[in-house]
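K.L.:
Below is a structure I'd like to ask you about.
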Amino acid sequence: MVDFLSNYSIQKWLESCPQGYLQDTVYGHGPDQVEPQELLANDDYREQQIRTTVQLIAGERCALAASSGLVNAAPDQASKTFLATQTLDEGRHVEIFTRRLFDLGVKPDDLESTIKTYINPHLGKFAEVLLEKIDKKDFVAGVVGQNIVLEGMAFSVFEMLHAGAEASNPKFARTLSGTIADERRHVGFGENRIGELIRRYPDKKPEVQRMQRDMTKHMLATFHEAFSHNGAGAGRTSAAQNGASGPTYQGLNMAEASNEEMEGALSATVLKEFKTRLGRIGLEYQSPA
Ligand SMILES: [Fe+2]
Ligand SMILES: [Fe+2]
């Protein structure tokens, strides 16, 4: 318990996050880093990046609503303390991706209408399933839905976007790497905290597994829709110009892979993660029909 308390304390968070990997960043990136000129000058590429960033904002808004709601649903003080740090992380994620939208040329007055225009409808349904559990103050289902399913998905999406942006957009890659480090901490909390609760309340299993199945269904539909818009991966347009030397993801050359191949690689990666993490907390992965 002492370990759990110190691993997920506010002190630990201060040292590793604001005083650690986020030190000297401004909205998640280096103070001098800007979006690449070739991106800003290419309307199709810029729109693709706006669309991708809108999904990140929507996902992070859901995580902010979920983590703040879970503070009051948590049965113990150590979890409330950790979730308070996570709430600030998620608020920061909403802010840095919103800032990126402005850097891509969206006017602050057009923020909500831009989100409405580009949001993937399946992502909204994915969020609804989770937020329903949060509204009911269902801590076990809420943590599995947020810290295993939502963040397991976010983690893999960020890693794919990071692979695409690393060479072509160091600013966005930097923003993503700070976010990935936060998500790693959040997923770790989910696994550590919830395994014990699932063992203590085995009758919760069927309901939690049903939620996981529903969220997975909407997530796969989200990916399918996203990749139908000429590739959701950051940097794929610019990667295409790099030809064979372009970035790779799960063994695929991102410049040459088809949208179907990219969608398949991302889905397989996330589902593999789900199976491993759910297995560790004593749940069996449920495949959507
Ligand atoms: Fe987040
Ligand atoms: Fe998170």
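K.L.:
Inside region 1-30, can you point out the residues that are over 23 Å from the mean Cα position of the chain (by Cα) and open to solvent by less than 80 Å² (accessible area, probe 1.4 Å)?
P.N.:
F4, S6
K.L.:
Taking only region 127-159 into account, find how many residues are away from ligand 1 (no atom under 16 Å from the Cβ) and either closer than 16 Å to E183 by Cβ or of a type in the set (A, V, I, L, M, F, W, C) (or both).
P.N.:
Final tally of qualifying residues: 5.
K.L.:
Would a scan of region 215-224 turn up a residue that is within 16 Å of L283 (Cβ to Cβ) and either within 14 Å of ligand 2 (Cβ to nearest atom) or without any contact (Cβ under 8 Å) to a residue 40 or more places away in the chain (or both)?
P.N.:
Scanning region 215-224, I find no residue that is within 16 Å of L283 (Cβ to Cβ) and either within 14 Å of ligand 2 (Cβ to nearest atom) or without any contact (Cβ under 8 Å) to a residue 40 or more places away in the chain (or both), so the answer is no.
K.L.:
Can you name the condition, by its number, that F227 falls short on among (1) open to solvent by less than 10 Å² (accessible area, probe 1.4 Å); (2) at pLDDT 95 or above?
P.N.:
That leaves (2) as the condition not met.
K.L.:
Of the residues in region 160-180, how many are within 11 Å of ligand 1 (Cβ to nearest atom) and either open to solvent by 30 Å² or more (accessible area, probe 1.4 Å) or of a type in the set (S, T, N, Q) (or both)?
P.N.:
Final tally of qualifying residues: 1.
K.L.:
Please find, within region 83-110, the residue that is most open to solvent (accessible area, probe 1.4 Å) out of those that are farther than 11 Å from R61 by Cβ and of a type in the set (S, T, N, Q).
P.N.:
T87
K.L.:
Do we find a residue being away from ligand 2 (no atom under 15 Å from the Cβ), under 18 Å from the mean Cα position of the chain (by Cα), closer than 19 Å to L266 by Cβ and among the charged types (D, E, K, R) anywhere in region 162-169?
P.N.:
Residues of region 162-169 that are away from ligand 2 (no atom under 15 Å from the Cβ), as a first pass: 162-169.
Those left that are additionally under 18 Å from the mean Cα position of the chain (by Cα): 162-166.
If we keep only those that are closer than 19 Å to L266 by Cβ too, we end up with 162-166.
Next, from what is left, pick out any that are among the charged types (D, E, K, R): 166.
Yes, region 162-169 has at least one match.
K.L.:
Looking at S113 and the list (1) polar (S, T, N, Q); (2) within 16 Å of ligand 2 (Cβ to nearest atom); (3) surrounded by fewer than 16 Cβ atoms within 10 Å (Cβ to Cβ), which single condition is not satisfied?
P.N.:
(2)
The values are calculated or read from the model by the stated rules, or taken from the named source; none is laboratory data. Note that the structure is predicted; figures quoted are calculated from it, not measured. Counting neighbours? That spans all protein chains shown, and the Cβs are built from the backbone with ideal geometry, glycine included. Heavy atoms of the whole protein, side chains included, go into the accessibility calculation; ligands, DNA and RNA do not. Shrake-Rupley method; radii C 1.70, N 1.55, O 1.52, S 1.80 Å.
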